[in-house]
Amino acid sequence: MSRFAHVIEQSDPMLFAVAVLIAVVGATTSIRLFHRTLSTFGSQRAGWQFLAGITLGTSAWCTAFIGRAAVDAHGLPFDPQVAFYALALAVAASGLGLILAASRRIPLAPELGGLGLGLGAAASQMIGAGQGLHGLLPPASAAEAASLTAAVAAAVIGLSAAARLRPPKAFILGAVALVVSMIVFQFRSLGAPPAAAAGLAPEHVSIVVVVVAMAAVLVIGAGLATVVIDGRHRSETIRELRRLTLCDPLTGLSNRAAFNERIAADLVAADAAGDMLAVVCVDLDHFKEINDLRGHAAGDAALRKVGERLAAVTDAGAFAARIGGDEFMLLKRYRDPAMLAVFLDRLGATLAAPEVIDGFETSLAASVGVARFPLDGRDGETLVANADLAMYRAKASGRRRHCFYETRMDEAVRARRRLAGDLRTALDRSQFELRYQVQAAVSTSDVKGYEVLLRWRHPQLGYVPPSEFIPIAEETGLILPIGEWVLRRACAEAAKWQKPHRIAVNLSPVQFAHFDLPRLVHQVLLDTGLAPERLELEITESAIIADTGRALHILRQIKALGVTIAMDDFGTGYSSLETLRSFPFDKIKLDRSFMSEIGTSPQSRAIIRAVLSLGRSLSIPVLAEGVETEEQFDFLKTEGCDEAQGFLLGRPVPLEELFISVPNPEGAKIMRLSDYLRSGTAGQTRGG
Ligand code: C2E
Ligand code: CA
Ligand code: CA
C-alpha cells in the first residue's frame, strides 16, 4: 500500500474539508482584495494591501494548521510560540508578496511577488510543522521538494493571473491557483517521518482546531464583508452615475444620450418583431414667450409640467425624452396604426389642457411631428430629421395638431435648409455677383443712376433668384455680412466711374435693425472714397414699422452723412401716410405691380396718379418700377412721373455689359436713352 493511501486512510475527512473550505474562501477573498489594490492609490491602497495580506496569510496558516490536524490527528505537534512565528511569517510573506505583486514600477512584479509569497508561505508551513524553527532544512524527500515547487509555482501563477487578467478570469484563475498552492503543500509530509515534537493530546486537538477555524472565520469574514460592501457601494455609485448621465435633471425624463441609445435598440427590436416605430417630435409653441415675459423660473416650471404630462402618456411600449430646450422626443412601438392614433390623441389631449403656473394660466400647447419606421426612414437619424420637419409643418399650420412626415411637403423645407447651408459659404467662395439696372429721368431720358441687385451663382443650381435666398439670409442673419459686401463692392465700383451716377443699394429690414448701420455706411464711404450724395439706400416700409422711433433715429443719422434714402415698393405694404410724413424720404419708389395693370385697371391708374400727386405735395420725387412697355412709359410721362426703371430702359446687367450692350428698343423716346447710353457713356463712364 502506498504511503499516500496510508495517509488518506489515517486522515480525518471532515477536518480536511474544513481546511479546503478555508483555503477556497480565503483565496477568493484575498484575490478580490488584491485586485482592489491595483486600482487604488495612497492610503486607500495601503488599506486594501493590509486587508489582503492579513486575509491571505491567515487563511494560508489556518489551512496548513487544520490540514495537518486532518492528516495527523493523533499527534499534532503544537507549540504556541512556534505557531505564532509561523502565523506572523505567513502574514508578512503574504503582505509583502502582494505589495510587490501590485507594484507599478518593477518589471514582472506579479511573478516576483508570487515567488516571494510562495517561498514565505512554504517557510511558514515548515516552521509550523516543527521542521524549521532552528534554521530551514533542505527538503527531506522528493515528495517534499515536488510539493514545495508546485506550491510556489501555483502562487506565481495565481498572482500573475490576478494582476494581468481582467475580471472575472483574474478572480477565478487567481483564486484556483492560490487554493492549489495552499493545499498541495499538505502532501509534503507524505514522505516525512512522524513529527518528533511534543504533540497535543487528541482531546485537545479538536478544541485548538475549533479555535483556529473560528479565528479564520473572523479574519476572512472581515475581508469578505469589506469586499462585498465595497462592491455594492461601487455598483450603486456606477448605477447612480449612469442614471445621472442619461437623465434630464429638470424634468426627470431621459436625455438626448438616453434617447439615442433607446431609438437604436427600439429600431432593432421593431425590425426583428415586424413592428412599426413612431418617432414623435414635440416642440412647445409658447415657450419663448413664457421664458421672456415671465422669467426662467416659470419657463422651467412649464418644462417640468410638460415632462410630467409626457411621462403620464408613456405606457409600456413608449418612451419620452427631453432632448434640449423646449424640444421633446417620444418613441412609440405599435403594430396597428389605430394604436398610434390613440396614442397621438392622448398626447394631444394632455398637452392641450392649460396649466396654472405662478397664478397665471399658461398654455403648454405644442407642435407635434411624427415620422414612422419603416415608412419614413429606416435609421434613427433620418427618422428624427423627418419628425423634426413634420413638426415644423405642424407649427407653421398653427392648428396644434400633429403632422405626419410627407416626403413632398417636407422636402421643400429640406431644400430650403440645404440652401441655407450653402448660403453660409457663398460669400467665402465668391459666389455673389452684382447687377446694375438703370434708373432714368422720364422727361429727358437722362440716366440718373443704377439700382444694385444681388445675384447668387450656386455651383449646382445656377442662379438662385434673390426672392428665394434673401429671405433665408434674413432668417439666418447672413444678410448682415452679405449686405455689407454688396454695399462695399457697389460703392467701390461706382467710385471708379467717371460720370458721377448715383447707385441705389437695397437694405434689408434685418440690416436696418442692426445698430451699427450708420457707422458701417460711414466707414464704407470713407474706405471707398465714394461721395455720399452718390449713394442712395432703398428701404421698405417694413423696416420702419417694427420700431418706428428707433428706425427714424437711424435714418436721420444716415441722412446726416449726406446719403439719400428711398422708400422702396411703395403701395404694397402699409403705405401709411404717417411713415411718409414722419421722415423726409428723398424718393418714393412706386411698386412694379401697378405698372402691369396700367392698361387694364382704372384703379391702378388712379393709384399711380394719387401717389404722384402725394409726392408732389410732399416734395418727394417718385420713381416708377417695372416699366416694361412704351405705353406705360408714355402714361408716366403724361402724369408727370419723375423717374422710371424697368426692362424697357434696361435689364439688370453686370458692370461689364452696362456700357457696351444697352437695350435696343424700337420706341423713339427709348432710342434717345439708348443713344445716350451708347454714345455718351461707352468711353466716358468706364472706370479708369
Ligand atoms: P426690388 O428692390 O424691388 O428690386 C427690383 C426687382 O425688380 C429686381 O428683381 C429687378 O430685376 C426687377 N425688375 C426690374 N425691372 C423689371 C421689370 O420691368 N419687370 C419686372 N417684372 N421686374 C423688374 P430681383 O433682382 O430679382 O430682386 C428681387 C428683390 O430682391 C429686390 O426687389 C430686393 O428686394 C431684393 N434684393 C436684390 N438685391 C438685394 C440686395 O443686395 N440686398 C437686399 N437686401 N435685397 C436685395
Ligand atoms: Ca429696390
Ligand atoms: Ca422695389
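Within the set Lys332/Lys395; Lys499/Lys637; Lys288/Lys332; Lys499/Lys589; Lys395/Lys587; Lys305/Lys395, which residue pairs have Cα atoms separated by over 30 Å? Don't jump to the answer; show the numbers that get you there.
Numbers: Lys332/Lys395 21 Å; Lys499/Lys637 25 Å; Lys288/Lys332 28 Å; Lys499/Lys589 23 Å; Lys395/Lys587 39 Å; Lys305/Lys395 21 Å.
Over 30 Å Cα-Cα: Lys395/Lys587.
Short version: ³J(HN,Hα) in whole Hz for each residue of the range 216-233, in order, from phi by Karplus 6.51 cos²θ - 1.76 cosθ + 1.60 (θ = phi - 60°), x for Gly and Pro, what are they?
4, 4, 4, 5, 5, x, 4, x, 4, 4, 4, 4, 5, 4, 4, x, 4, 4
Compute the angle between helix 13-38 and the longest alpha-carbon principal axis of the chain, please, reported from 0 to 90 degrees and rounded to the nearest 10.
So the inclination is approximately 30 degrees.
Please give the peptides 424-431, 450-457 ranked by average Cβ packing (other Cβ atoms within 10 Å per residue), highest first, as a rough proxy for protection.
Details: 424-431: 12.8, 450-457: 21.0.
Peptide ranking by packing, descending: 450-457, 424-431.
Which order do the peptides 255-264, 346-355, 299-308 come out in when sorted by mean C-beta neighbours inside 10 angstrom, highest first?
Details: 255-264: 17.5, 346-355: 15.4, 299-308: 19.1.
Highest mean packing first, the order is 299-308, 255-264, 346-355.
Rounded to the nearest 500, what is the chain's calculated 222 nm mean residue ellipticity when only DSSP H runs of at least 4 contribute -39500 (n - 2.57) each, over all residues?
Result for the chain, helices only: -19000 deg cm²/dmol.
What aspartates and glutamates does Lys169 reach when the alpha-carbon gap must be under 18 Å and sequence neighbours fewer than 8 apart in one chain are set aside?
By straight Cα distance, Lys169 reaches Glu111.
What order, most packed first, do the peptides 538-549, 28-39 have when packing is the mean number of other Cβ atoms within 10 Å of each residue? Walk me through the numbers before you get to the answer.
Working: 538-549: 16.8, 28-39: 23.6.
Packing proxy ranking, top to bottom: 28-39, 538-549.
How far apart, in nm, are two points set 7 Å out from the Cα along the Cα-to-Cβ line at Arg550 and at Met214?
Reported label-point gap for Arg550 and Met214 is 8.7 nm.
So what's the gap between the Cα centers of the range 244-299 and the range 481-536, to the nearest angstrom?
47
Between Glu578 and Arg294, what's the calculated FRET efficiency when r is the beta-carbon distance and R0 is 45 Å? Round to 0.05.
On the way: r = 33 Å, r/R0 = 0.74.
So, using R0 = 45 Å, E works out to roughly 0.85.
At q = 0.06, 0.07, 0.09, 0.12 Å⁻¹, work out log10 I(q)/I(0) for the chain with the Debye formula, treating every Cα as an identical point scatterer and leaving solvent out; two decimals please.
-0.65, -0.73, -0.91, -1.14
For the range 425-514, place one equal point scatterer on every Cα, skip the solvent, and apply the Debye formula. What is log10 of I(q)/I(0) at q = 0.16, 0.19, 0.26 Å⁻¹?
With no solvent term, the Cα-only Debye profile gives -0.71, -0.92, -1.35.
For each of Val176, Val356, Val505, Val91, count neighbouring Cβ atoms within 10 Å of the residue's Cβ, then give the residues from fewest to most.
In increasing order of surrounding Cβ atoms, one gets Val356, Val176, Val91, Val505.
Rounding to the nearest 10 and keeping the result within 0 to 90°, find how far the Cα-based axis of helix 42-71 lies from the longest principal axis of the chain.
The angle comes out near 30 degrees.
Rounded to two decimals, what is the ratio between the C-alpha radius of gyration of the range 232-273 and 2.2 N^0.38 Å? Please report the intermediate quantities before stating the final value.
Working: Rg = 13.1 Å, N = 42, 2.2 N^0.38 = 9.1 Å.
Taking N as the residue count of the range 232-273, the ratio is 1.44.
Quick one: order Ile157, Ile66 by neighbouring beta-carbon count within 10 Å, fewest to most. If you can, show how the numbers build up before the last one.
Working: Ile157 21, Ile66 28.
So the ranking, lowest neighbour count to highest, is Ile157, Ile66.
Working from Cα positions, state the angle (0 to 90°, nearest 10) between the long axis of helix 548-560 and the longest principal axis of the chain.
With both axes taken from Cα atoms, the answer is about 70 degrees.
Just so you know, all these numbers are worked out from the coordinates, no wet-lab data involved. Here the structure is a predicted model, which is why all the values come from computation and not from measurement. Cβ coordinates were reconstructed from backbone atoms using ideal geometry, including for glycine residues, and neighbour counts include every protein chain displayed.
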